[in-house]
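Asker: Quick one: this structure, given as structure tokens, is what I'll be asking you about.
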Ligand code: UDP
């Protein structure tokens, strides 16, 4: 298939692009390069710089490329930041996606895989979380994902747009060449590993008085290669219909357990400093991924936390300053 990957220069997007190419698909990456990395886009993919909020740029792209499907990874992703800048999140993650969807419909491209998030659930009623739980986001980031999921139902029934929304839990880990490089970094595992690399003095631990066994939040970490694999399956699924799927391994780890795992993997003491809770953080997010397994045939392969952290550690050691400093790190 000829696939457009919006946000394909980013963390999960780039791993998906690489898997798409390996499976024989033709790939165009559309990325505004605000957080993406040119070095993360394989040479066999065509890279077009542009923003989904730019209607003219999208129209030009869709007129020149004959596309079969679109996978969307674009948008802003930091739940904490979205509490400070809700309007910015609504602009990128809602307006931008609407422009993209309208362009797709206008050009008859009717298969769409959407990166959603566990953040749509807010504080879940029960864990593990099944897809039928109510959508009650507790931060604007989750609200943007829930809004697009709701709109997609109408694009499906009224415009014939077949879509799969993938609700990621916590993406983590790396492949040999592709890893997580955000600036500024806000995610727990890369921050922990930056401490192990000596780039930070300590991990700021946001909240140690949550109602969990060790007082810290619980998350379900899913390896980036397994997430990427789910997108290929979702693209096939769009041929027969639309759906919404959780992607997690079904097991939660507390923030302190993640730090402990990183201490074992890196051999570094990784000091921690207790800080206030971060606004907009749900207490525990753990997936039931039974539906993705049953309907998509998804089988996550790298499910042990230590293995996930070890893969990230290998990448961070070979890229201590991310993509821009990759050569320096390899010397
Ligand atoms: N966290 C933390 N210190 C950090 C970064 C994150 O204690 O420097 C916590 C955060 O408050 C949350 C968990 O780690 O409880 C996972 O946060 P992350 O930003 O990695 O992912 P999210 O679950 O928000 O998507």
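Asker: Among the residues of the stretch 244-264, which ones are touching a helix residue (DSSP H, G or I) at 6+ places or on another chain (Cβ under 6 Å) and within 30 Å of residue 155 (Cβ to Cβ)?
Answerer: The answer is 245, 247.
Yes or no, residue by residue, for (1) more than 19 Å from residue 220 (Cβ to Cβ); (2) at pLDDT below 95; (3) in contact with a strand residue (DSSP E or B) (Cβ under 9 Å, 6 or more places away or on another chain):
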site: 133; (1), (2), (3): no, no, no
site: 140; (1), (2), (3): yes, no, no
site: 173; (1), (2), (3): no, no, yes
site: 188; (1), (2), (3): no, no, yes
site: 196; (1), (2), (3): yes, no, no
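Asker: Test residue 178 against the criterion of being more than 12 Å from the ligand (Cβ to nearest atom) and under 26 Å from residue 81 (Cβ atoms), and give yes or no. Before the answer, list the steps.
Answerer: Details: more than 12 Å from the ligand (Cβ to nearest atom): yes; under 26 Å from residue 81 (Cβ atoms): yes.
Criteria met by residue 178.
Asker: I'm told residue 83 meets every condition in (1) farther than 25 Å from residue 230 by Cα; (2) out of contact with any strand residue (DSSP E or B) (no Cβ under 6 Å at 6 or more places or on another chain); (3) free of Cβ contacts under 8 Å to residues at least 60 places away in the same chain except one. Can you identify the failing condition by its number?
Answerer: Every condition holds for residue 83 apart from (3).
Asker: Right, here's the next one. Go through the residues of the stretch 16-25 one by one and say whether even a single one is assigned to a helix (DSSP H, G or I), within 16 Å of the ligand (Cβ to nearest atom) and crowded, with 24+ Cβ neighbours inside 10 Å. Quick ask: steps written out before the conclusion?
Answerer: So the first thing to find is which residues in the stretch 16-25 are assigned to a helix (DSSP H, G or I), and the list is 16-22.
Cutting the leftovers down to within 16 Å of the ligand (Cβ to nearest atom) gives us none.
No, that holds for no residue.
Asker: Wholly within the stretch 178-259, which strands (runs of 3 or more DSSP E) include no fewer than the required count, namely at least 1 residues that are under 30 Å from residue 69 (Cα atoms) and either within 19 Å of the chain's Cα centre (by Cα) or in contact (Cβ under 8 Å) with a residue 40 or more places away in the chain (or both)? Write out each step before concluding.
Answerer: Working: elements: 203-206, 221-223, 243-247.
Answer list for the stretch 178-259: 221-223, 243-247.
Asker: Determine whether the stretch 71-78 contains at least one residue that is in contact (Cβ under 8 Å) with a residue 60 or more places away in the chain, surrounded by fewer than 18 Cβ atoms within 10 Å (Cβ to Cβ) and not in a loop (DSSP other than H, G, I, E, B).
Answerer: Looking only at the stretch 71-78, we keep the residues that are in contact (Cβ under 8 Å) with a residue 60 or more places away in the chain, and these are 71-78.
If we keep only those that are surrounded by fewer than 18 Cβ atoms within 10 Å (Cβ to Cβ) too, we end up with none.
No, the conditions are met nowhere in the stretch 71-78.
Asker: Here is a check on your reading of the model: is residue 165 modelled with pLDDT of 95 or more, closer than 19 Å to residue 226 by Cα and within 13 Å of the ligand (Cβ to nearest atom)? Quick ask: steps written out before the conclusion?
Answerer: Details: modelled with pLDDT of 95 or more: yes; closer than 19 Å to residue 226 by Cα: yes; within 13 Å of the ligand (Cβ to nearest atom): no.
The answer is no for residue 165.
Asker: Which one of these is without any contact (Cβ under 8 Å) to a residue 60 or more places away in the chain and either surrounded by fewer than 18 Cβ atoms within 10 Å (Cβ to Cβ) or more than 18 Å from the chain's Cα centre (by Cα) (or both): 127, 105, 97?
Answerer: Values: 127 fails: without any contact (Cβ under 8 Å) to a residue 60 or more places away in the chain; 97 fails: either surrounded by fewer than 18 Cβ atoms within 10 Å (Cβ to Cβ) or more than 18 Å from the chain's Cα centre (by Cα) (or both).
Residue meeting the stated conditions: 105.
Asker: Follow-up question, since we're still on this one. Evaluate the stretch 267-289: report whether one residue or more is touching a helix residue (DSSP H, G or I) at 6+ places or on another chain (Cβ under 8 Å), in a helix (DSSP H, G or I) and surrounded by 18 or more Cβ atoms within 10 Å (Cβ to Cβ).
Answerer: Scanning the stretch 267-289 turns up no residue that is touching a helix residue (DSSP H, G or I) at 6+ places or on another chain (Cβ under 8 Å), in a helix (DSSP H, G or I) and surrounded by 18 or more Cβ atoms within 10 Å (Cβ to Cβ).
Asker: Give me the residue from the stretch 49-58 that is out of contact with any helix residue (DSSP H, G or I) (no Cβ under 6 Å at 6 or more places or on another chain) and surrounded by 14 or more Cβ atoms within 10 Å (Cβ to Cβ) and, out of that set, nearest to residue 12 (Cα to Cα).
Answerer: The first filter runs over the stretch 49-58 and keeps only residues out of contact with any helix residue (DSSP H, G or I) (no Cβ under 6 Å at 6 or more places or on another chain), leaving 49, 51, 54, 56-57.
Filter once more, so that each one left must be surrounded by 14 or more Cβ atoms within 10 Å (Cβ to Cβ): 51, 54, 57.
Details: 51: 18, 54: 23, 57: 23 Å.
For the stretch 49-58, the residue satisfying everything is 51.
Asker: Does any residue of the stretch 86-102 turn out to be at pLDDT 95 or above and part of a strand (DSSP E or B)?
Answerer: Within the stretch 86-102, none of the residues are at pLDDT 95 or above and part of a strand (DSSP E or B).
The values are calculated or read from the model by the stated rules, or taken from the named source; none is laboratory data. None of the values given here were measured: they were computed from a predicted structure. Reconstructed Cβ throughout: ideal geometry from the backbone, glycine too, with neighbour counts over all protein chains shown.
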